[in-house]
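First the structure, in the form of structure tokens, and then the observations on it.
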Amino acid sequence: MLYIDCPWCGKRNETEFHYGGEAHIARPEDPSALSDEQWADFLFMRKNLKGPYAERWCHSNGCRRWFNVIRNTVSHEILAVYKMGETPPDLGPKKGEGV
Amino acid sequence: MTGSHRTQAGGRIDRQKKINFTFNGKSYVGMEGDTLASALLANGVHLLGRSFKYHRPRGIVAAGAEEPNSMVQLGEGAVTEPNIRATQISLYEGLSASSVNVWPSVEFDVSAMNGLFAKIFTAGFYNKTFMWPRDMWIKLYEPVIRRAAGWGKAPTTSDPDIYDHMHLTVDVMVVGGGPAGLSAALAAGRSGARVLLIDEQSEFGGSLLSLNRQIDGKNAAEWISETVSELAGMEDVTLLNRSIAFGYYDQNYLCVLEQRTDHLPQAMRKGKVRQRVWHIRAIEVVLATGAHERPLVFANNDRPGIMLAGAVQTYVNRYGVLPGRKMVIFTNNDAGYETAIDAKAAGANIAAILDAREEADGELIEAAKALGIRILPGYAITGVEGGKRVKAVEVRKIQKGAKVYTSAPERIACDLVAMSGGWSPVVHLFSQSQGKLHYREEEVCFVPGTPVQKQSFAGALNGSFSLSACLEEGAKAGAEAATKTGFTAKAANALKVDEPAMGRIEPFWIVPGARPVGEGGAKHFVDLQNDTTAADIELAVREGFESVEHVKRYTLTGFGTDQGKTSNINALAILSGILDKPIPKVGTTTFRPPYTPVSYGALAGRNLGDWSDPVRITSIHDWHVASGAEFENVGQWKRPWYFPKAGEDMHAATNRECLAVRNGVGVLDASTLGKIDIRGKDAAEFLNRIYTNAFAKLGVGRVRYGLMCHEDGMVFDDGTTARLAEDRFLMTTTTGNAAVVLDWLEEYLQTEWPELQVYCTSVTEQWATVSIAGPMAGKVMAKLAPEMNLSNDDFPFLSFKEGTVAGLKARVFRISFTGELTYEINVPWAQGRALWEAVMEAGAEFDITPYGTESMHILRAEKGFIIVGQETDGTTTPQDLGMGWIVSKKKPDFIGKRSYSRMDTSRTDRKQLVGLMTDNPSEVLPEGAQLVFDKNAPRPMPMVGHVTSSYYSAALGHSIALALVKGGHSKMGETIHAPLLDKTVTARIVDPVFYDKEGEKLNG
């Protein structure tokens, strides 16, 4: 069970959170301007990386706030936690690979 | 005979305290401090059970958690537990246990004839045998083979014991209370850090309890007791014995099972918590889990009386038991010699030590020689005499690399074989923590590789088997862990240890005999619990299973309650030999939790019955109960399902309830509907983006029905939303989906459109909702709210009013889920019951009828109204539902819009919502029934859809159904069939609105 450091509440067990998938996939400003392929890419395609991965979590059984987490999908180590709208922190060339 | 195999003195048992127990119905006496295994051995009992497939007689092999054989059924009645290892059961007064997998008795077992059919029980026999024909499943496989291959029996009544869950956060957790773990805990504890030390045994000390050692000039026992009492005196140190770490998960989350009363007589357990599951978060973890001894793989190495050498040493030194009087030792390392020396000192006769190594010298070998023990270097056991107990062994000179030994055999009589094939570090928890193993050629074992979490390793787990190394590594690891968590710690000075020097180990994975392995009657067991032999592994490879994971599954090696603690390394070493690949290249199988079995009771803790899940009830619930309602669970809510009158079944009750709503007036408790208060200057804009239809221009006081879709265009919730004020809305959601919808709204507000000023609040439990529906609803309403103008002009459909109803401040909505004139009255939650009773009183003269969710479902289906999750399944668009009218063509964007022009969503042969009328008006189709156009089509028939809702409509006197059918919208009037198990039902495709198509009844 992950131990997630909510930016508002501190470290809590994973059972208090909901997973929200890959982070930094903005909803297109004007979906009607996109081709079917581009829209399908937004809808369905995700990186599914092995290694550090920026993803969204919601503290749904706590403060109900959404935030970003960089988690190593192999070791499950949580490398960084940052608020919505913030840019991902620089983890250095090795740790931040793939973000 | 009692205690006839006890040594004269010594051990950690209390010889004054006798304990009575029974095994297989026979009475025995043991001593305080015994395990069931040691007490049985003290009574000369070796034969404990029969093996899994071949029903061969089996005895005790080990002295701890790694025991593969001696599983027993412990206790009787409600507290009986199957498959508990006798080596882990602390003896208590009145204990009663019996063998598993035997019939009629362990001495004479019918299924032992399986051994005669051994050829069909080889590797993969499940895969090969349990195939066709299907009848054989019913006649043979299930009743006969599965029963013969079972183990213990689960209790048939519910568990009467109490279990707790505990939560603890510590700086340093030390797993394992042997010499390494004790010194780690001491070093960390002295720094002031919060430390947890756990050990699975009844007392701390680990291997020290079995060995004759001196630490700092003191007996090991004295050192243990001094160390434990110093730890116990530390305020921030927690000590848990009889506690086994069974799972190591992400970010140093470990689960520990503490056995609190299992060692007590039944009478002393009453009212006490039997076991606790501890949920631990540790900043640093020190693993000091020790090592398990490996068996040697030789012909018929499974006979009772063949044990691990270290286990024999444990029984002699710790429990004061001589498991045999005439022992043969078979070893490939020095440890076996110490067993021989200790056993001889305790009174055993050592017939010979067979050393697989050609050359062996060193302190222990010299000591054994000095005692006059016969030593045979370069010798191995190639045969065993005796079925239920070893009687003699056949030994031969080893011919290195040969598949057959032609050397002359010698017969050595004995009643016990102590074997040592080296040591396997207990890497299970490290593996569970996702760590990769590293193979140490010199020590012939796998040890933890690079740490993957905040963890460190000490002692035998590291392949450091000497006591001095254990103490030193433990102290170092404990001090370092404490330092990393911010405390100042130093490893104490090294302690002076007296211990014999241990020489090298020489790998010796399989012992052939006069015939090659797998030929003749002899079996070379690798996994005793699963009856896997070396020949099975060879067979698996011949049949193409070369990956270690495939071999495991095909031969069952490493499965079962012991998870291959003694067999895994031997199996993969033999595989490595067959494949001619080095051991590290073959790799290991995955170790998964739990390390040892955990009962369901412990996992459930107190989350039982009413505590297993929250129950949500409305403020009117007690009235429903008193009125004899049957309930249905909707999410966590209890909702009245129907209100049967005396003698009515569900069908009669719902017929009556539905007709009352259609012809008179009915009342429904709709309090469970999700309600979300949405406020802020951008609330209208927000709803306009969330719903498929327009909300921006909804007037204050008006209500609108809306569909919510995901970005992929699929429907995921629906409900009505009222505009309470310019900047305030009240949204309703389906009962089971309220929390999900709130999360969804928050997600968009926080992640996509943070610029919108909108605030969402769940008010589901702030408002009780009573819905009055039917042609007479207006008359009831007029009595309840005499001052409210109920005329259709002033209070039209899809509007709401605030006012006084039955003297209560209320919001009244004119919406309808039945097609009838409906008033949904909302009052503060606590007044729900008062309102309900006022409604019942006012409606009495119109015979107002309470109805439940079943009638609600029928009434809405008569009108063709969908239920999300019933007519939809996450692949259904509004257009599929025939609800294109609710999808705005004018709005430039809303969630889902772009997806309606995707190729897949614009197909004309999508499954579309239609109504079905069966040819036979009383035939109610089963929900979920598959539909076909051609009932004579050959199988597999092309399926074109399924029934989503199906009921008997009393108002129509006909069954009705809703269904999703491929291209259904263009197939009105066509015939369709539902092939069922015993018949085929034919129906006509019709419009999904069955009742009052023109909507004339909406205004009463």
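Can you pull out the GluC sites (Glu not before Pro) in the range B:186-271 that DSSP calls coil and that have at most 16 other Cβ atoms within 10 Å?
Sparse-neighbourhood loop GluC sites (Glu not before Pro): B:235.
Report the chymotrypsin sites (Phe, Trp or Tyr not before Pro) located in the range B:412-471 that are in a DSSP loop and have at most 14 other Cβ atoms inside 10 Å of their Cβ, or state none.
Passing both the DSSP loop test and the Cβ count: no residue.
Are any of the pairs A:50/B:681; A:83/B:809; B:18/B:218; B:26/B:369; A:47/B:675 more than 32 Å apart by Cα-Cα distance, and if so, which?
Cα-Cα > 32 Å for A:50/B:681; A:83/B:809; B:26/B:369; A:47/B:675; rest within.
From the cross-link list B:454/B:490; B:344/B:565; B:344/B:496; B:403/B:552; B:779/B:1001, which pairs have alpha carbons spaced over 22 Å apart?
B:344/B:565; B:344/B:496; B:403/B:552
For chain B, what does -39500 (n - 2.57) per DSSP helix run (n ≥ 4), summed and divided by total residues, give at 222 nm, in deg cm²/dmol to the nearest 500?
Calculated at 222 nm, the ellipticity per residue is -5500 deg cm²/dmol.
When only Cα pairs under 8 Å and 6 or more residues apart are kept, what is the percent relative contact order across chain B?
In percent, rounded to a whole number, it is 9.
Expressed in nm to one decimal, what extension gain is obtained for the pair residue B:889 and residue B:920 from 0.36 nm per residue of sequence separation less their Cα-Cα distance?
7.0 nm
Grab the alpha carbons of the protein assembly as shown, take their convex hull, and tell me the volume per residue in Å³.
215
For a footprinting-style exposure proxy, rank B:38, B:906, B:762 by other Cβ within 10 Å, fewest first.
B:906, B:762, B:38
For chain B, what is the percent of antiparallel DSSP beta bridges, rounded to the nearest 5?
Expressed as a percentage, antiparallel bridges in chain B total about 75.
If you average the sequence gap of Cα pairs under 8 Å that are 6 or more apart and divide by the length of chain A, what percent do you get for the contact order?
26
Please sort by residue number the trypsin sites (Lys or Arg not before Pro) in the range B:788-892 whose DSSP state is loop and whose Cβ has at most 10 other Cβ atoms within 10 Å.
In loop regions of the range B:788-892 (DSSP not H, G, I, E or B), the sparsely surrounded trypsin sites (Lys or Arg not before Pro) are B:889, B:890.
Ranked by Cβ crowding within 10 angstrom, fewest neighbours first, how are B:841, B:338 ordered?
Ranked by crowding around the Cβ, least crowded first: B:841, B:338.
Quick one: give the max-minus-min coordinate of the C-alpha atoms of chain B along each principal axis, largest first, in Å.
Principal axes ranked by extent give 114, 70, 56 Å for the Cα atoms.
What is the mean number of Cβ atoms from other protein chains located within 10 Å of the Cβ atom of each residue in peptide A:26-36, rounded to a whole number?
So the per-residue partner count for this stretch is 4.
Taking the Cα centroid of the range B:850-885 and of the range B:643-660, what is the distance between the two, rounded to the nearest whole Å?
So the separation of the two Cα centres works out to 22 Å.
Going Cα to Cα from residue B:971, which lysines come in below 22 Å? Please leave out same-chain ones fewer than 8 positions away.
B:863, B:911, B:935, B:997
Among the aspartates and glutamates, which have Cα under 19 Å from the Cα of residue B:391 when same-chain residues fewer than 8 positions away are ignored?
List returned: B:107, B:302, B:410, B:415.
How big, in percent, is the set of alpha carbon pairs in the range B:674-762 lying more than 19 Å apart?
So the portion of pairs separated by more than 19 Å is 29 percent.
Taking the beta-carbon count within 10 Å as an exposure proxy, list A:1, B:903, B:856 from fewest neighbours to most.
B:903, A:1, B:856
Please average, across the residues of A:61-69, the number of beta carbons from any other chain that are within 10 Å of each residue's own beta carbon, and give a whole number.
Across the residues of A:61-69, the mean count of other-chain Cβ atoms within 10 Å is 2.
Normalised by the residues of the range B:524-586, what does the relative contact order come to in percent, with Cα pairs under 8 Å and at least six apart?
Taking the mean separation of contacting Cα pairs over the length of the range B:524-586, I get 34 percent.
Bear in mind that the values in this text are calculations on the coordinates, not laboratory data. Because the structure is predicted, anything quoted here is derived from the model rather than measured. So basically every Cβ, Gly included, is an ideal-geometry build from the backbone, and we count neighbours across all protein chains shown.
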